[in-house]
Amino acid sequence: MPDSPDAHIDGSTVPWSSSNDFDLTVDGRSRRVRGSWLGETLLYVLRERLGLPGSKNACEQGECGSCSVLLDDVVVCSCLILAADAQGCTIRTVEGLSASGDAADVQDAMVRCGAVQCGFCTPGLVVAIYDLLRHSPDATDMEIRESLSGNLCRCTGYGRIFEAVREVQRGRSCARL
Amino acid sequence: MPGSSGMTTRTRTTGLGKSELRPDGIPKVRGEFAFSSDLWMDAMLWGHTLRSPHVSARIRSVDLRPALAIPGVRAAIAASDVPGRPTFGLEVADQPVFASDVVRYHGEPIAAVAADHPETARLAARAVLVEYELVEPVVDAEVALRSDPLHPDGNLFRHVRIRHGDPGIVGDVVVEGTYEVGMQDQAFLGPESGLAVPGEDGGVDLYIATQWLHVDRDQIAASLGLPASLVRLHLAGVGGAFGGREDVSLQIHLCLLALRCGRPVKMVYSREESFFGHVHRHPAKMWYRHHADYAGNLVKVEARLVLDGGAYLSSSNAVVSNAACFAPGPYRVANATIDAYAVRTNNPPCGAMRGFGSVQVCYGHEAQMDKLAAALHVDPVDLRLRNALRRYDRMITGQVLTGVVPVREVIEAAVGLPMPSGRCLEDPALSLPGGAGLSADVSDVSRGVGVAVSFKNIAYSEGFDDYASARVRLESDDSANVTATVFIATAEVGQGFVTLAGQIIAEELGPFGVVLAQANTSDVGSAGSSSASRQTWMSGGALMLACAAVRHILSERAASELDEPAAAVAYDTGELRSTVSGRRVTAAELLISGPIDVEEVYHHRPTMALDADGQGDAHLSLMFAAHRAVVDVDRGLGLVKVVQVSTGQDVGRALNPLAVTGQIEGGIAQGIGLAVMEEIILDEGRVRNASFTDYLIPTSLDMPDVLATLIEQPEPEAPFGAKGVGEPPTISSGPAVLAAIRAATGLELTRAPVRPEHIALSDGIHTVSDPSEDRSSMLAGDNAGL
């Protein structure tokens, strides 16, 4: 069974352009990117050069949110950012959120509430929901809808995703009491 | 949340009927689940396809040399490099692997390349020199029926003719209409992708997202000129399907490139290429004439249905059969004259999408039922209830409905759910049509309510040899832990069969560990396609048989162990017990002598072909659903906000209520997408909106609240009593939205999707004399105004 790439995959270069080496700070670690063509997006470098395929590519246009990552603590579509442009920034991926446990209740609620079907949009939604509830812990139903409207899901019709968000809100508000 | 009518009686509930959680849920939320686009191998190359920029052309020459001259390019192939059958196809191999002499649609593959870097591959594909001679395309199905053949097989894929009852009979009231449905895309989020790995034996391993591994394998092997045993398919993570992965897309190209290069090759379509890479839902033009008596009983339905199949056959023959068989909707009608055509054109190929032929005709028959209700001055819900199919009624194909037929129940459930309150109190501006654009003027907004009802077949019809295989291996380790390993080639596309498989093992065998082996073509026979809402029934049935075979072998071993006749041994959740002596022996003890490994094949009852008059018992079982939609419409801007959809759905039995809810909500999203926003825009056959910027699917702000009632009346023939649940939500939800927009605006609106200009710039054709007439009270049941 072929596997996802491990760390430091040095993919080959394109022939018509000089390749570049640079460093990115991803999930708390400095990562050397070697031989990258300058046209490569942050999403491509994360997936194909740094062995982090959790962020997904579904539209290449910033419409679907499947590639969402936190760049200097702001949710961005990593398909719209050139990797080399992200030098000096702090990048957090869904893999990083998983490893840190920071989004554990979001992830748990998504599974328990039935918010996952094919799962392709799911990592992007984990990042988006984590970010939403960090900034708006008491987001209203309409704020939840508005906030997640940049993350397309084709399977669920969003109902169980909303339910997962409310489930996290309930859990956290109990924890605050 | 869906409620349950509680009509099911269960004898055992160890595994089925509970909302068990997905076994792949945790890896999916952690970003660790490997989709087909996530695969990676050492020394892997990237593939890319060159596609025709023209709709219709003759190919004078293809020169691959400029691509091969680019450093980093390892292979470039075209039609002459296909060693085996030059064509493929689900039913008939009428579609070229690469176009060789003729281009028949915009985006048809011409060549493919493999290179070290995806950008190099993309550049190399663009460097291939192709000389085209343009040919005038035929993009209208009616014109194609009269045109010179676009393909050696001709332009008429299939004409399904149904003559039922008295063709000359005329009703007291007659209504007529012409309706049109646009081309919808499945728009699964995970684009087509896969990884092909050449084997040392001259064969190839393909890791692929698909709906049916074995039928892909057979088509690939034929074109590679290899025996099927040398083409091994493995299911990679599937990012949604909805019918769009039933046909071969990049499978053959990938294997050809890998075998040519002797290295693994990965290919991932961009979103743009994905729009060109798979079939779409057939656009349809439908003429209908309904006859009824003054009491409101349907007397006759006449229809002429023309489905544009695009350039190649795909599954058009089955889609057009569904359109014909289900043309009247789930209503009792003794006389019917239906002519349904699927036609070849130079438009993009069309085939399977969720609802498969039932969706298109539902827009027609439900608009007609509303028209008939208006002509008869009766409540549209009452008209539907009066004519609703019942058990042992006949379809227009003459088939007697022997399964459960809860049409009345689904309608009453859908209209009986609470209506939404007034406009959203929390944030009225955002909840108006136009949403965050804040463009709506509240004084221009009116609310409408509409209802639609639908039905569709489960599994394959018309005599197709439909079956599924399942293999179960039961073994015990040194600590007496019993594990059931399930080998089944069922494509998990998101629907949750992986969850159900564990539930079935728990129900049928007991509380053992369950391991689901990766689905492939090597370890087990075909499971058939994850389509036609069939896998719960078919693969579920196969797994049930395999478990029964395991129990049988355990009983034989127990009889020998206990020294009693097999008939005196009872199976009791993992233990075997003598009904004579009461002595017990555990499954673990019985497995010491060796594991049990059995494969079983489940066939559903044979169905029949339709005869020359479209008569015959062609279908296994039918699923029914009703939807009520509530919409707000800004008449001035033509903007629609779908506020709520309520549904009653016939599920037989909900084996996993949470998964059923997910299917209902997700299916409704796709249904309303077709009603108000989703369409592939074609300009003389050219696709104009192949992106998620231009082809819009519902977002979280577009999605209405959904209320659902599950009608659980176990289907006698179905394993576990469960019907399929995936397709019905997508069928009548959209037509209900159209009915609601008609109610809100008074416009006739004969085309889906409804666009703002159809409302804002309409010439004012009205279906009802007084658009302000409040029909919501009639439709809302007892809970109106809650």
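Points to keep in mind about this one:
- Helices (runs of 4 or more DSSP H) within region A:61-177 that include 2 or more residues more than 17 Å from B:PRO27 (Cα to Cα) and touching a Phe, Trp or Tyr at 6+ places or on another chain (Cβ under 9 Å): A:141-147
- Residue check, B:VAL400 touching a Lys or Arg at 6+ places or on another chain (Cβ under 8 Å) and surrounded by fewer than 15 Cβ atoms within 10 Å (Cβ to Cβ): yes
- Test: residue in region B:165-172 that is in contact with a helix residue (DSSP H, G or I) (Cβ under 6 Å, 6 or more places away or on another chain) and at pLDDT 95 or above: no
- Whenever a residue of region B:485-513 is at positive phi, its partners that are surrounded by fewer than 22 Cβ atoms within 10 Å (Cβ to Cβ), lying with C-beta atoms within less than 6 angstrom and at least six residues away or across chains, give the pairs B:GLY510/B:THR573; B:GLY510/B:GLY574.
- Total residues in region B:16-75, condition of a type in the set (Lys, Arg) and not assigned by TED's automatic domain parsing to the domain that holds B:PHE98: 4
Rundown of residues vs (1) under 18 Å from A:LEU70 (Cβ atoms); (2) more than 7 Å from chain B (Cβ to nearest Cβ), yes/no style:
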residue: A:ILE129; (1), (2): yes, yes
residue: A:THR140; (1), (2): no, no
residue: A:GLU143; (1), (2): no, yes
residue: A:ARG160; (1), (2): no, no
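- The number of residues in region A:27-49 that are assigned to a loop (DSSP other than H, G, I, E, B), farther than 20 Å from A:LEU125 by Cα, at pLDDT 95 or above and within 13 Å of chain B (Cβ to nearest Cβ) comes to 1.
- A single member of B:ASP634, B:ASP705 is over 22 Å from the mean Cα position of the chain (by Cα) and within 14 Å of chain A (Cβ to nearest Cβ), and it is B:ASP705.
- For region B:681-698, the tally of residues that are in contact with a helix residue (DSSP H, G or I) (Cβ under 7 Å, 6 or more places away or on another chain), within 30 Å of B:ALA452 (Cα to Cα) and of a type in the set (Val, Ile, Thr) stands at 1.
- Qualifying residue in region B:127-139 (condition: out of contact with any Asp or Glu (no Cβ under 8 Å at 6 or more places or on another chain) and within 14 Å of chain A (Cβ to nearest Cβ)): yes
- Those strands (runs of 3 or more DSSP E) of region B:147-260 in which at least 3 residues are touching a residue at least 40 places away in the same chain (Cβ under 8 Å) and in the same structural domain as B:ALA93 (by TED's automatic domain parsing), considering only elements entirely within it, cover B:193-198, B:204-208, B:231-235.
- Residues of region B:28-47 include at least one that is away from chain A (no Cβ under 14 Å), under 32 Å from the mean Cα position of the chain (by Cα), under 22 Å from B:GLU273 (Cα atoms) and outside any loop (DSSP other than H, G, I, E, B).
- Residue check, B:ALA609 part of a loop (DSSP other than H, G, I, E, B) and either more than 19 Å from the chain's Cα centre (by Cα) or of a type outside the set (D, E, K, R) (or both): yes
- Scanning region B:236-265 for residues that are among the aliphatic types (A, V, I, L, M), farther than 15 Å from B:VAL279 by Cα and surrounded by 24 or more Cβ atoms within 10 Å (Cβ to Cβ) yields B:ALA236, B:VAL238, B:ILE252, B:LEU254, B:LEU256, B:LEU257, B:ALA258, B:VAL265.
- Residue match in region A:50-73 (condition: more than 8 Å from chain B (Cβ to nearest Cβ), crowded, with 23+ Cβ neighbours inside 10 Å, closer than 28 Å to A:ARG145 by Cβ and among the polar types (S, T, N, Q)): yes
- Some residue of region B:79-86 being out of contact with any helix residue (DSSP H, G or I) (no Cβ under 7 Å at 6 or more places or on another chain) and of a type in the set (A, V, I, L, M, F, W, C): yes
- For region A:82-100, a residue qualifies if it is within 12 Å of another protein chain (Cβ to nearest Cβ) and either of a type in the set (Gly, Ala, Ser) or surrounded by fewer than 21 Cβ atoms within 10 Å (Cβ to Cβ) (or both), and the qualifying residues are A:GLY96, A:SER98, A:ALA99, A:SER100.
- Annotation note: Cβ proximity below 7 Å between a residue of region B:41-67 that is surrounded by fewer than 15 Cβ atoms within 10 Å (Cβ to Cβ) and a residue that is assigned to a loop (DSSP other than H, G, I, E, B) (sequence gap 6+ or interchain) occurs for B:ALA43/B:ARG263; B:ALA43/B:PRO264; B:ARG58/B:ASP101; B:ARG58/B:VAL135; B:PRO66/B:VAL128.
- Qualifying residues in region B:624-640 (those that are buried (at least 24 other Cβ atoms within 10 Å of the Cβ) and touching an Asp or Glu at 6+ places or on another chain (Cβ under 6 Å)) - the one farthest from B:VAL651 (Cα to Cα): B:ASP634
- Within region B:161-168, the presence of at least one residue that is among the β-branched types (Val, Ile, Thr) and under 32 Å from the mean Cα position of the chain (by Cα) is confirmed.
- Candidates A:ALA103, A:ALA164: the one that is within 13 Å of chain B (Cβ to nearest Cβ) and under 24 Å from B:PHE242 (Cβ atoms) is A:ALA164.
- Pick from region B:750-786, criterion part of a loop (DSSP other than H, G, I, E, B) and modelled with pLDDT of 95 or more, ranking: nearest to B:ILE672 (Cα to Cα): B:PRO753
- Within region B:371-389, residues that are acidic (Asp, Glu) reach partners that are part of a helix (DSSP H, G or I) with beta carbons closer than 7 Å, at six or more positions or on different chains, in the pairs B:ASP379/B:ALA373; B:ASP379/B:MET778.
- Pairs, first more than 19 Å from B:ALA519 (Cβ to Cβ) in region B:15-35, second surrounded by fewer than 17 Cβ atoms within 10 Å (Cβ to Cβ), C-beta under 7 Å, six or more apart: B:GLY17/B:ARG10
- Positions within region B:373-403 being in a loop (DSSP other than H, G, I, E, B), of a type outside the set (Phe, Trp, Tyr) and within 29 Å of the chain's Cα centre (by Cα), in sequence order: B:LEU389, B:ARG390, B:ARG391, B:ASP393, B:MET395, B:ILE396, B:THR397, B:GLY398, B:GLN399, B:LEU401, B:THR402, B:GLY403
- Selection status of B:GLN663, within 14 Å of chain A (Cβ to nearest Cβ) and surrounded by fewer than 24 Cβ atoms within 10 Å (Cβ to Cβ): no
The values are calculated or read from the model by the stated rules, or taken from the named source; none is laboratory data. For clarity, every value in this text was computed on a predicted model and none was experimentally measured. Here the Cβ is made from the backbone with ideal geometry for all residues, glycine too, and neighbour counts use every protein chain on show.
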